[in-house]
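**Q** Next up is a structure, given as structure tokens.
The values are calculated or read from the model by the stated rules, or taken from the named source; none is laboratory data. The shown structure was predicted, so the numbers you read here are calculated from the model rather than taken from an experiment. Reconstructed Cβ throughout: ideal geometry from the backbone, glycine too, with neighbour counts over all protein chains shown.
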Amino acid sequence: MRSVLILSLFLTGLLPSAAVATAPADRARILLVVSSHGRDGGKAQPGFEMDELAQAWLIFRDNGFAADIASPEGGVVVPDEYAADKAYNRSFADDRDASAQLAATLRLSTVDPGRYAAVFVIGGKGAMFDLPFSQSLARLVSDIHGRGGVIGAVCHGPAVLARLRNAEGKPFVMGRTVTGFTDEEEALFGKKWVAEFPFLLETELRRQGAKFSEAAFMLPHVAVDDRMVTGQNPYSVAPAAEALVAMLGKSPAARAPWPDKKSMALLASSLTEKPGALTSALAKQHKQLDVPLIAIWGYYRTIEAAGDKAGTAEGLHVMEAAQPWFDDDGLHQAIAAVRKALATPGNIKLSD
């Protein structure tokens, strides 16, 4: 089950760096920023999340915005391993402008912030290693915001905000509502690299005085505060990008949600509704959803609950709701183990 989840959740180069264009300021242009840290598909060093970049690019493009892609070092950038056959990744690859830009990202130190209405920082664990320490990125973010532009960041992208200072030298996030990849999500899914992180994102943002906002792990969540939009995790990219579009004065174009994103949004809403809402929704919509993803979220909810019976029961409910549409031996075994644990007096003991 765990390996399937990691593939589902995180599966989300090239040519020499291009020179910066010298076109005049364009208030319908957005700067997308990715990490330069990645090596060997994220195996040697983590990089950026291709899923996140693709989704953000497509939403901005479909809402009439031009975009440039930049990175600290410029040129070749390496994403973590990802599923190239996902609809948004295929669409990104088929976009000639997108592919050309990804093959030759702009070097941050050469970018003119006056050209952009907004900056949108893409996540991935590589962002923790270079983006918070890039003076060029700090300058760009501060300048764009200072000119009346919008800051956006998702997943580990808000790491850049953890080292940003305002004009008075105080933490930029102090008193602001923000979100990002949570400590809980790191504990569940960040085990390979988290020990090497310079800081935990949630912990550091709180330490800097931010009002940290969060949803349950891997459910979509967006925080908006004074021309700043942040998204919690990979499933928050689309709503964060659309919130940024709205902040720039446009009503986001209607679109059909991608199956994995639709699944997590449905899960988030159904858990707050009356019992049976998820079961009913799956019966009607399972062909349009990523049912294994929903089932595996339920499995990890039982692990995350750490013996709490209510949380464990919620995870079991999600797995049972998905079971009719996902015939998998691992799921059947997990359901049986959780049922047994709940029926056994004393502490619930489950492991991943």
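**Q** Is there a residue being among the polar types (S, T, N, Q), within 24 Å of R115 (Cβ to Cβ) and at pLDDT 95 or above anywhere in segment 141-161?
**A** Yes: segment 141-161 contains one or more residues that are among the polar types (S, T, N, Q), within 24 Å of R115 (Cβ to Cβ) and at pLDDT 95 or above.
**Q** Then there is this: Are any residues in segment 220-273 among the polar types (S, T, N, Q) and buried (at least 16 other Cβ atoms within 10 Å of the Cβ), and if so, which ones?
**A** Matches in segment 220-273: T230, Q232, N233, S236, S263, S270.
**Q** Is there a residue in segment 265-274 that is touching a Phe, Trp or Tyr at 6+ places or on another chain (Cβ under 7 Å) and under 24 Å from A87 (Cβ atoms)?
**A** yes
**Q** Moving on to the next point. Here is a check on your reading of the model: is L164 closer than 26 Å to G42 by Cα and modelled with pLDDT of 95 or more?
**A** No, not satisfied.
**Q** Write out, first by first residue and then by second, each pair whose Cβ atoms fall under 6 Å of each other, whose residues are 6+ apart or on separate chains, and whose first residue, in segment 52-66, is more than 12 Å from R255 (Cα to Cα) while the second is among the polar types (S, T, N, Q).
**A** From segment 52-66, the pairs are A54/N89.
**Q** If you don't mind, another one. So which of A93, A100 is out of contact with any helix residue (DSSP H, G or I) (no Cβ under 9 Å at 6 or more places or on another chain), part of a helix (DSSP H, G or I) and surrounded by fewer than 16 Cβ atoms within 10 Å (Cβ to Cβ)?
**A** A100
**Q** Let me ask something else. Scan segment 273-288 and give yes if some residue there is modelled with pLDDT under 95 and among the acidic types (D, E), otherwise no.
**A** The answer is yes, given that some residue of segment 273-288 is modelled with pLDDT under 95 and among the acidic types (D, E).
**Q** What residue, of A44, A21, is at pLDDT below 90 and either in the same structural domain as V121 (by TED's automatic domain parsing) or touching a strand residue (DSSP E or B) at 6+ places or on another chain (Cβ under 9 Å) (or both)?
**A** Result: A21 is the single residue among A44, A21 that is at pLDDT below 90 and either in the same structural domain as V121 (by TED's automatic domain parsing) or touching a strand residue (DSSP E or B) at 6+ places or on another chain (Cβ under 9 Å) (or both).
**Q** Take the residues of segment 24-49 that are in a helix (DSSP H, G or I) and in contact with an Asp or Glu (Cβ under 7 Å, 6 or more places away or on another chain): which is nearest to A138 (Cα to Cα)?
**A** Per the criteria, the residue is G42.
**Q** Still on this structure: Whether any residue in segment 246-260 is out of contact with any His (no Cβ under 7 Å at 6 or more places or on another chain), assigned to a helix (DSSP H, G or I) and either under 15 Å from H221 (Cβ atoms) or among the charged types (D, E, K, R) (or both) is what I want to check.
**A** yes
**Q** Now for a separate question. Quick check, is F217 surrounded by 16 or more Cβ atoms within 10 Å (Cβ to Cβ), touching a His at 6+ places or on another chain (Cβ under 7 Å) and either of a type outside the set (A, V, I, L, M) or not in a loop (DSSP other than H, G, I, E, B) (or both)?
**A** No.
**Q** Which of (1) part of a helix (DSSP H, G or I); (2) among the aliphatic types (A, V, I, L, M); (3) under 16 Å from L31 (Cα atoms) does V229 not meet, given it meets every other one?
**A** Of (1) part of a helix (DSSP H, G or I); (2) among the aliphatic types (A, V, I, L, M); (3) under 16 Å from L31 (Cα atoms), only one is false for V229: (1).
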